[in-house]
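The values are calculated or read from the model by the stated rules, or taken from the named source; none is laboratory data. Being a predicted model, the structure only gives us computed values, none of them experimental. In this analysis, Cβ positions are derived from the backbone assuming ideal geometry, glycine residues included, and neighbour counts consider all displayed protein chains. Keep in mind that these areas ignore ligands, DNA and RNA; they rest on the heavy atoms of the full protein, side chains included. Shrake-Rupley method; radii C 1.70, N 1.55, O 1.52, S 1.80 Å.
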Amino acid sequence: KDWRLAIDVKVKRQETPVKNVIGVLEGKGPLAKETIVVGAHYDHLGYGGTGSLAPKEKGKIHHGADDNGSGTTAVMELSRRFGALKNREGRRMVFMTFTGEERGLIGSRHYCRIEPLFPLKNTAAMFNLDMVGRLKDPPKDAKDAKPKLLVLGMDSGKGFEEMVTKLNPGFNLVKDGSVFGASDHYSFYQQKIPVIFLWTGTHPDYHRPTDTSDKINVAGMKKITDYSELILDKLRTEPKRPEFVAIKSTFTGGGPRGPRMGITPDYEFGGKGLRI
């Protein structure tokens, strides 16, 4: 009682330099000064640790083939396709693979809050691809069944729901108007930029060493990339810029804070309530 202790402590903190990887296709014509961002995070969990759902397998490489080798592959393919277009008109296209998403959207937050290459006030929309490698093919005996694709963020842009529905090439779209989803689109939404986020849902290999490339539905990834191309082509050429709409949300982004329920929602469930 009544004792006091003063301690001087030296802390050695390891820092790892990381980078966003960005490619740009300049626009042309009256929309050239506006920007469309096409993004996906390229980081994963390394050898596990924070974020891993396989604590007993600490020290095993977490491959991240779906999360998010699939999204970064789609972004590179889309950049190849649009880069090959001759006499390309429309908005500037920025293809961006983010670092540090798994640690709290670090790369996309840095771009949006500290170092945007192009003015955010002229950024018309952000299109995010995160985990698009596990499209589930419908049962062969099911009549008129279509593979499920999750689409988030449609309520953040006026007319987005009509656009994604009209351009749908044959998916069973599980449409969610919210911007929930701890992924990089949220950093842009916070800057009042309309967003669209495509993904194929969670699975038993999520954030585990078993998320390997042999489990990727490559044909399904191509279908999603084809669909993304249609949406992006519309976004880059539509004369009227998408109008931002604020959505009521309790999601704040970043990593886990405090106790958790220890559940995973079934994001593909389109019914009333929450399927666990």
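What the table shows:
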read-out: Residues satisfying the stated conditions in the stretch 46-63, i.e. modelled with pLDDT of 95 or more and open to solvent by less than 40 Å² (accessible area, probe 1.4 Å); value: HIS62
read-out: Residue within the stretch 174-183 that is at negative phi, out of contact with any Asp or Glu (no Cβ under 7 Å at 6 or more places or on another chain) and of a type in the set (Lys, Arg) present; value: no
read-out: Yes/no for ASP184 being under 18 Å from MET96 (Cβ atoms), of a type outside the set (Lys, Arg) and either at pLDDT 95 or above or open to solvent by less than 10 Å² (accessible area, probe 1.4 Å) (or both); value: yes
read-out: Only one of MET93, MET76, MET126 that is over 12 Å from the mean Cα position of the chain (by Cα), closer than 24 Å to LYS240 by Cβ and not polar (S, T, N, Q); value: MET93
read-out: Contacts under 7 angstrom Cβ, first residue in the stretch 19-41 being over 21 Å from ASN68 (Cα atoms), partner among the basic types (Lys, Arg) and open to solvent by 60 Å² or more (accessible area, probe 1.4 Å), 6 or more apart; value: GLU34/ARG241
read-out: Scope the stretch 249-266; condition open to solvent by less than 80 Å² (accessible area, probe 1.4 Å) and modelled with pLDDT under 70; matching residues; value: SER249, PHE251, GLY253, GLY254, GLY255
read-out: Residue that is over 23 Å from the mean Cα position of the chain (by Cα), basic (Lys, Arg) and at pLDDT 95 or above, where the choices are LYS10, LYS33; value: LYS33
read-out: Residue identified as of a type in the set (A, V, I, L, M, F, W, C), touching a residue at least 40 places away in the same chain (Cβ under 8 Å) and over 30 Å from THR123 (Cα atoms) among ILE7, ILE61; value: ILE61
read-out: Criterion violated by ASP211 - all others in (1) modelled with pLDDT of 95 or more; (2) in contact with an Asp or Glu (Cβ under 7 Å, 6 or more places away or on another chain); (3) open to solvent by 30 Å² or more (accessible area, probe 1.4 Å) satisfied; value: (3)
read-out: Residue match in the stretch 191-205 (condition: at positive phi, surrounded by 17 or more Cβ atoms within 10 Å (Cβ to Cβ), modelled with pLDDT under 95 and of a type outside the set (D, E, K, R)); value: yes
read-out: Complete set of residues in the stretch 84-101 that are under 13 Å from GLY27 (Cβ atoms) and without any contact (Cβ under 8 Å) to a residue 60 or more places away in the chain; value: LEU85, ASN87
read-out: Residue ID - surrounded by the most Cβ atoms within 10 Å (Cβ to Cβ), chosen from residues in the stretch 125-166 that are of a type outside the set (A, V, I, L, M, F, W, C) and assigned to a helix (DSSP H, G or I); value: SER156
read-out: Unique residue being surrounded by fewer than 16 Cβ atoms within 10 Å (Cβ to Cβ) and touching a helix residue (DSSP H, G or I) at 6+ places or on another chain (Cβ under 8 Å) when the list is ARG103, ARG109, ARG88, ARG81; value: ARG81
